1. About the Cα centre of the stretch B:5-158, how large is the charge dipole given +1 on each Lys and Arg Cβ and -1 on each Asp and Glu Cβ? Please answer in debye to the nearest 20.
2. Can you tell me, using C-alpha contacts under 8 Å and at least 6 residues apart, the relative contact order of chain B as a whole percent?
3. Any number yet on Rg/Rh for the stretch B:37-102, C-alpha, Kirkwood?
4. Using the crude model of +1 on Lys and Arg Cβ and -1 on Asp and Glu Cβ, and no other charge, please compute the dipole size for the protein assembly as shown relative to its Cα centre, in debye to 20.
5. For helix B:592-608, what angle does its Cα long axis make with the longest principal axis of chain B, in degrees from 0 to 90 and rounded to 10?
6. In what sequence do B:Cys242, B:Cys387 fall when counting other Cβ within 10 Å, fewest first?
7. Of the peptides B:449-459, B:373-383, how do they stack up when ordered by the mean number of other Cβ atoms within 10 Å, highest first?
8. Let me know the mean shielding of B:366-375 by other chains, meaning the per-residue number of their Cβ atoms within 10 Å of its Cβ.
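Only the coordinates and a few stated rules stand behind these numbers; no lab work does. Every value quoted in this text rests on a predicted model; they were computed, and no experiment measured them. Here the Cβ positions follow ideal geometry from the backbone for every residue, glycine too, while neighbour counts run over all protein chains shown.
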Amino acid sequence: MTDFTRRKAIAVAMGTMAGAATAVSLPGAAAAADSDLAIFVKLSAALTGIDALKLAPDLDQKKAPGTDVIGIKHAYFAVASKDPAFPDLMKIAREADPNFAAAAEIITGKATDDIKFLGRSIILAWYLGAWYPPKVLQKGTRPGLTDVTVISPTAYTQGWTWRVAQAHPMGYSELRFGHWGDRPTSTLELTGKKLEEP
Amino acid sequence: MCADKVGGPYDAVIVGSGISGALIAKKLGLAKKKVLILEAGERLPANVNDYMNRFFNAVAKIPESPYPPELPSDPAKVKAGRPNVLELLPGIWDNPAKSYLVQNADKQSLPFASTYERVNGGTVRHWLGTSLRFVPADFEMNSRYGKFVDWPIKYRDLEPWYGEAEKEIGVSADAAEQTYLGITFSSDYPMPKIPESMVDKRVAAAMPGLKVPGVGLDDLQWKVSNTPAGRNSQPYQDRRVCAGNTNCIPICPIQAKYDPSVTLADALRTGNVDVVYNCVASKVLVGTDGRISGIQYIQYDKESQSPPRQVSGKIYILAGNAIETPRLLLMSEGANAPRGVGNGREPDQAVIGRYLMDHPLYLAWALAPKSVWGYRGPLSTSGIEVCRDGDFRKERGAFRIEIGNEGWNFPIGDPHTTTLDFVNAMNDSNQNGDKKALFGEDLAKHLNNILSRQFRLGFLVEQEPEFNNRVSLAVETDGLGLRRPAIAYNLSDYTKRGLAAAQVTATAIFKAMGIDKEATTDPSKDEPSAFFWQPTGKRIQYYGAGHIVGTHRMGSTKADSAVNDKQQSWHHNNLYLVGSGSFPTVATGNPTLTIAALCLRTADYIINSRQI
């Protein structure tokens, strides 16, 4: 009982404190949808290997309200939640909470194909800003040009593969003249994880 | 003058608002001449972010992706159509229902692999920015090596206009570093060089140990050279400095890279230049005296097109690129120009559309032993230029080497391909041989390891000019009912030897960098832009560099050329055919700076000769 109340309270707090970025009305009860978003982000962190607070800086609402000005998590949540396997994927995540690494293991391993390929679509959404539908991935062949959609111009600019490469999306650099002659920012700073080999 | 309507009377009518048309219009406008530019394509959108959004939303981020007409387009319906790189795929390049260019597909033909834009600013909208001068020997292939033809001018004749072009465009380089192979400077670059990338430095470190056997480069002192670029290293022309968006092709988000809209704006500001858009020139009209009497054009919008309208001037300048200009000239065949406008009456005076050339590009890619951190900086900041000239040019096409800063984006569409491979247990990148499906930190680590070590080299090979490589008119028409360009194209043995030498050189460079197994793959068996190379028993793939050249070439006499060294037609003295179509040879340098120099020189000639 206590657990449920506290979780509900946090969810409501997220909804009211995060401002415009989270003022998206999601299907279902508002409190449940907000906590779904947090679960989605934390699961995405386990799936992608990127620190959750990098994926969504305002994840801890008490410490950093309103800091996810771009809020790309909403776009990915919205597109993923349209997939019929999404509720089952979220159920695995919710049941594993707070051990999202275990959830990721299940989703990418012994889950049904529907869930497994949806998991991959979600990884690719975060990495590339584009939606590779699970059914397209299931074919295992190079997707055709009309099989994939860029989720939005903003999604393209928020792709994580570029930061994992210690670079930036081609066409979107927030860096300054001459930076390309120097060593780039570390992966720890960019992704919250140390990825380089020693 | 209202910039937006056809008014008059005009001293000069220019077809095409690319770099050639824009530079000439600006100079003539400054000299108080009245100029009209007819541009086939769309005007700049009110919000230039339109182009960026189009680019961001494109799944295939090809050079044409930001620009109209919308892709894919039906070549029979599009009104100001152009080729795009997706039209080079098997089953498309040789299908006139799908390919804007109607390409010859018989056994003696290969795909012409370069594309262009028809839009305000033309193809230099999507150029990389490389602004190299040609070397003196490039103008003298026949005198020095017994090959092809000499240009009717020498390097020193063009040199002052190279300097002027560098200021017009805003080229960043240090002249002291650019004096190889006989290049001299009478003026300084307007901005200092763009800094080298980490990729450049890693390649440069391997130069002292480099030996390339068997391709005529045995005694070469190899070095990496900074690439002069039309890209701001300082604020210039009210434009910002480069921030390394790594997106030069197809579009610089901040206009740190020059594009001809800068020059078009200058031209309009003179008050003497009109530019009209969506106006396709459809015929060049010739009087009985052989002089051009007008240009017929069709104005169109989404739903309709006008009946042919006409505009006249005292002189006419066709600046429509080396495929569209010959197309227009050949469409203008008539009683007073029986072989098409620009061709003479004698058999050896009909070279419009002939000698079509490109820089066939050899691409090689590899993983560096340690991170080089590509995908940063301009697409290219350095190259290897010392191999562009030598006695070997008697035997094979020379090349320059472009060092790429964009990882494996060009060869395999990375980082998307490798990312997809490791998420979805695929192996299109050849880096996931076990077809593992990774997630979490494991995925991120693998991707960092591979992506941060990727780099590529591009070899721009000098193609031999061949009479039978040509642009002519297809039976198939476009959305205005005008006959589309037909292309006949092949690579000669001389050119193929250049590509093969490039392949050997690439492998040698990688070896000198400590890379024993490069990542370059052989072309698939259904890849059209490839040829079988007997000595290796394998096929070699080539790409188009986007450098379309040769189809109204200049010469010192009427025989076997279309224009004189001022780009003035031999056969119609009030007609100028300008741009890379005037080049008699393609050499090894990217053409834009030479196009600009020739056109500035042409403009000066027009003004000084008092033709208008």
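1. That gives a dipole near 580 debye.
2. Relative contact order of chain B: 22 percent.
3. Looking at the stretch B:37-102, the ratio lands at 1.00.
4. In total the dipole reaches around 540 debye.
5. It is inclined by approximately 20 degrees.
6. Going from sparsest to densest Cβ surroundings: B:Cys387, B:Cys242.
7. Values: B:449-459: 25.2, B:373-383: 26.9.
Taking the mean over residues of other Cβ atoms within 10 Å, the ranking is B:373-383, B:449-459.
8. Details: counts 0, 0, 0, 0, 1, 6, 0, 7, 4, 11.
Partner-chain Cβ atoms within 10 Å, mean over residues of B:366-375: 3.
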